[in-house]
Amino acid sequence: MKKVRPKKNLGQHFLIDLNVAKAIADTVDVCPDLPVLEVGPGMGVLTQYLMEKPRELKVVEIDRESVAYLHQHFPSLSEKVVEGDFLRMDLRQLFDGKQFVLTGNYPYDISTQIFFKMLENKHLIPCCTGMIQREVAQRIASPPGNKAYGILSVLIQAWYDVEYLFTVDEHVFNPPPKVKSAVIRMTRNDVEHLGCNEVLFQRVVKTVFNQRRKMLRVSLRQLFPGGQASPGFFESDIMTQRPEQLSIQEFVELTNRVEGEFSQLSASL
């Protein structure tokens, strides 16, 4: 069977450098013994090195041409090839509810969605590694006080320790992307509960970063009916800061303040 043709609508950029592929495969070793799920294996350049590891491996591929290629060239993996859309899958069914390591050369256009799905299933995924667009990797790994620090930084770092491992140049892909890539690793931290309403936490983080150039006292008003809160709520020191200045813990404290204000407003109605 001939090689798979990269499809622009699927955001496919096939890795062709075997040294890079092996280096990515080795990033899963930080979580030994767990099964591995590879997203978007394409023609299996990363898969071949994951198969060498003494652990269960499954691959998820949405492209039928790639699925056929994998069946032909990796017959021992045939029963472990899952055809479908990772973003629509119930991840509990992949390894009978067991935890697993997530990895892959992720399509640029859905990498953020993949990581949001990881967060939704953080109890199943103690470790996630892989290659993504360098700009996205920098955002995920960025500390507070940096322009790259944003929604992804806060939501992922609340639950995972992030390592920016190495940068990958454009020429190791077919076709070459227009930007550089990077390999990262995210490992679950010890946090079981944030200490706040976690749904509201996400809402607060997304709200303020959607107006990241404005002070919190401006961007937070849209959370309240008519932009009104109790006298003094928007007058505290933290309200003069911008979102990239806040640590994870400060976002937790801010969320608790907002929830407390919601309760106070409800009680006064």
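The values are calculated or read from the model by the stated rules, or taken from the named source; none is laboratory data. Being a predicted model, the structure only gives us computed values, none of them experimental. Methodologically, a virtual Cβ is constructed for each residue, glycine included, from the backbone with ideal geometry; neighbour enumeration extends over all protein chains shown. Heavy atoms of the whole protein, side chains included, go into the accessibility calculation; ligands, DNA and RNA do not. Shrake-Rupley method; radii C 1.70, N 1.55, O 1.52, S 1.80 Å.
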Of the residues in region 126-143 that are touching a helix residue (DSSP H, G or I) at 6+ places or on another chain (Cβ under 7 Å) and of a type in the set (S, T, N, Q), the one that is most open to solvent (accessible area, probe 1.4 Å) is Q133
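Would you check if G195 is part of a loop (DSSP other than H, G, I, E, B) and among the small types (G, A, S)?
Values: part of a loop (DSSP other than H, G, I, E, B): yes; among the small types (G, A, S): yes.
Criteria met by G195.
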Would you confirm, using the coordinates I've provided, whether G150 is among the small types (G, A, S) and either without any contact (Cβ under 8 Å) to a residue 40 or more places away in the chain or surrounded by 15 or more Cβ atoms within 10 Å (Cβ to Cβ) (or both)?
yes
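Per-residue answers, yes or no, for (1) open to solvent by 20 Å² or more (accessible area, probe 1.4 Å); (2) part of a helix (DSSP H, G or I); (3) touching a Cys at 6+ places or on another chain (Cβ under 8 Å):
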residue: K98; (1), (2), (3): yes, no, no
residue: T112; (1), (2), (3): yes, yes, no
residue: L124; (1), (2), (3): no, no, no
residue: N146; (1), (2), (3): yes, no, no
residue: L155; (1), (2), (3): no, yes, no
residue: Y164; (1), (2), (3): yes, no, no
Those residues of region 184-204 which are closer than 24 Å to S263 by Cβ, in contact (Cβ under 8 Å) with a residue 24 or more places away in the chain and of a type in the set (V, I, T) amount to V204
When region 220-235 is checked residue by residue, the ones that are open to solvent by less than 90 Å² (accessible area, probe 1.4 Å) and either within 14 Å of V154 (Cβ to Cβ) or out of contact with any helix residue (DSSP H, G or I) (no Cβ under 8 Å at 6 or more places or on another chain) (or both) are G226, G232
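Does I140 qualify as being in a loop (DSSP other than H, G, I, E, B), under 13 Å from the mean Cα position of the chain (by Cα) and under 28 Å from F95 (Cβ atoms)? If you could, list the steps in order and put the result at the bottom.
Numbers: in a loop (DSSP other than H, G, I, E, B): no; under 13 Å from the mean Cα position of the chain (by Cα): yes; under 28 Å from F95 (Cβ atoms): yes.
It is false that I140 is in a loop (DSSP other than H, G, I, E, B), under 13 Å from the mean Cα position of the chain (by Cα) and under 28 Å from F95 (Cβ atoms).
Here's the yes/no breakdown for (1) farther than 15 Å from L216 by Cα; (2) touching a residue at least 40 places away in the same chain (Cβ under 8 Å):
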{"site": "Q228", "(1), (2)": "no, no"}
{"site": "D237", "(1), (2)": "no, no"}
{"site": "T240", "(1), (2)": "no, no"}
{"site": "L246", "(1), (2)": "no, yes"}
{"site": "Q249", "(1), (2)": "yes, no"}
{"site": "N256", "(1), (2)": "no, yes"}
{"site": "G260", "(1), (2)": "yes, no"}
{"site": "L265", "(1), (2)": "yes, yes"}
Restricted to region 39-60 and to residues being charged (D, E, K, R) and in contact with a Phe, Trp or Tyr (Cβ under 9 Å, 6 or more places away or on another chain), the residue most open to solvent (accessible area, probe 1.4 Å) is E56
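Taking the condition closer than 30 Å to V30 by Cα, over 17 Å from the mean Cα position of the chain (by Cα) and of a type in the set (D, E, K, R), does E170 pass? If you could, list the steps in order and put the result at the bottom.
Details: closer than 30 Å to V30 by Cα: yes; over 17 Å from the mean Cα position of the chain (by Cα): yes; of a type in the set (D, E, K, R): yes.
So E170 fits the description; yes.
Select from region 11-25 the residues that are aliphatic (A, V, I, L, M) and open to solvent by 50 Å² or more (accessible area, probe 1.4 Å) and write down the one among them that is nearest to S111 (Cα to Cα). Steps first, please.
So in region 11-25, the residues aliphatic (A, V, I, L, M) come out as 15-16, 18, 20-21, 23-25.
Adding the requirement that they be open to solvent by 50 Å² or more (accessible area, probe 1.4 Å) leaves 16, 18.
Details: I16: 20, L18: 22 Å.
Only one residue tops the list, namely I16.
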From the option list V205, V252, single residue qualifying as in contact with a Gly (Cβ under 8 Å, 6 or more places away or on another chain) and surrounded by 15 or more Cβ atoms within 10 Å (Cβ to Cβ) is V252
Within region 255-269, residues open to solvent by 60 Å² or more (accessible area, probe 1.4 Å) and among the hydrophobic types (A, V, I, L, M, F, W, C) come out as A267, L269
